[in-house]
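Student: Quick one: the structure is below, questions incoming.
The values are calculated or read from the model by the stated rules, or taken from the named source; none is laboratory data. If you're wondering where the values come from, they're calculated on a predicted model, not measured in any experiment. All Cβ positions, glycine included, derive from the backbone under ideal geometry; neighbour counts span all protein chains shown.
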């Protein structure tokens, strides 16, 4: 194993857990914190996720399961509200590495891209619109909302990535290890049920 990549992965993992950063930004922040050149070879996401799981086991094992359950429950509520847009959960809340610092990432697959914005307006929800890196690195419109999480007694970031309905097939492609990178409401309900046992 490359010792420098492991160090970067460990630093990135701490940033993911403590600051709620996504994997890509966490790796870039890690090399800055470590004083390394911007072109330093980065660890892959798998290595960082392994370090995230180790960090959680060492430092957050008493709080992380309840925080994850609270975020998944909140994600389910929003998936129900936005069910006509075929929502899929992705990111740390889906893969089980989320803590109270993590945001919720929902992928919406819409017949009309503006319909999600209209729905939020109709619900009286304020949002910020921006463009982010989405599926397969392609730019996608994102609607960001701050929502109350009663179980955590604080507000949580909810990011709605708005895709065309035809992009749904691409969202279901598993990663190199055969894991699904997102899940629909039924899949999340099973995770919540199993976690609550």
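Student: Can you go through 147, 132 and tell me which one is under 20 Å from residue 108 (Cα atoms) and touching a residue at least 40 places away in the same chain (Cβ under 8 Å)?
Tutor: Working: 132 fails: touching a residue at least 40 places away in the same chain (Cβ under 8 Å).
Being under 20 Å from residue 108 (Cα atoms) and touching a residue at least 40 places away in the same chain (Cβ under 8 Å) holds for just one of 147, 132, which is 147.
Student: If a residue counts only when it is closer than 23 Å to residue 156 by Cβ and in contact with a strand residue (DSSP E or B) (Cβ under 9 Å, 6 or more places away or on another chain), which helices (runs of 4 or more DSSP H) contained entirely in segment 14-85 have at least 2 such residues?
Tutor: On the way: elements: 23-33, 45-59, 64-81.
Ranges flagged: 64-81.
Okay, residues lined up against (1) loosely packed, with under 11 Cβ neighbours inside 10 Å; (2) outside any loop (DSSP other than H, G, I, E, B):
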{"site": "106", "(1), (2)": "no, yes"}
{"site": "126", "(1), (2)": "yes, no"}
{"site": "136", "(1), (2)": "yes, yes"}
{"site": "143", "(1), (2)": "no, yes"}
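Student: Check residue 97 against each of (1) modelled with pLDDT under 95; (2) closer than 19 Å to residue 179 by Cβ; (3) part of a strand (DSSP E or B) and name the one condition it does not meet.
Tutor: (3)
Student: Read through the list (1) on the phi > 0 side of the Ramachandran plot; (2) crowded, with 18+ Cβ neighbours inside 10 Å; (3) within 15 Å of the chain's Cα centre (by Cα), then give the number of the only condition that residue 96 fails.
Tutor: Answer for residue 96: the failing condition is (2).
Student: I'd like to check something: does segment 152-162 contain any residue that is over 20 Å from residue 98 (Cβ atoms) and in contact (Cβ under 8 Å) with a residue 40 or more places away in the chain?
Tutor: So the first thing to find is which residues in segment 152-162 are over 20 Å from residue 98 (Cβ atoms), and the list is 162.
Now restrict to residues that are in contact (Cβ under 8 Å) with a residue 40 or more places away in the chain: 162.
Yes, that holds for at least one residue.
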